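First comes the structure, then the notes that go with it.
The values are calculated or read from the model by the stated rules, or taken from the named source; none is laboratory data. This one's a predicted model, so the numbers in the text were calculated from it and none came from an experiment. Glycine gets a Cβ as well: all are built from the backbone with ideal geometry, and neighbour counts include every protein chain shown.
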Amino acid sequence: MSKLSKYEQETIINFNVAESDAVVFTRDKAVIRKLDSLVNEFPKVYKCIGETDIDKTYSMPKRYVSYRKSRMISEERRDQIREQMKCINKSWKNSVMYCKCSTQMIS
């Protein structure tokens, strides 16, 4: 695969009301890896319908295209999460799997 600029590493998702499938064209290596693994795991659902040395085109049911809204977290909850992560990171540095902040075992 040729070296592409970040601008050229694009992904285009195309679908319409009349058809049940979406077509995904991508030049992004990370997206290609993810879609290739889905093609291997679910070959009846996800299909690679074309490829060149720099891009791949996939077909999948358009119901698998998802839109998500961002998570709204209060400042108080954000501080709680920050403290928990500090505790978890500290316990990893000390190779201890017990977090005193939340008094729960980390698995």
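Just so you know, in segment 57-107 the residues that are part of a loop (DSSP other than H, G, I, E, B), surrounded by 10 or more Cβ atoms within 10 Å (Cβ to Cβ) and modelled with pLDDT under 70 include one that is nearest to the chain's Cα centre (by Cα), and it is 106. For segment 35-50, the set of residues classified as charged (D, E, K, R) and surrounded by 12 or more Cβ atoms within 10 Å (Cβ to Cβ) consists of 36, 47, listed by residue number.
Within segment 20-34, being surrounded by 12 or more Cβ atoms within 10 Å (Cβ to Cβ) and in a loop (DSSP other than H, G, I, E, B) holds for 27, 28. Looking at this structure, is residue 54 at pLDDT 90 or above and part of a strand (DSSP E or B)? In short, no.
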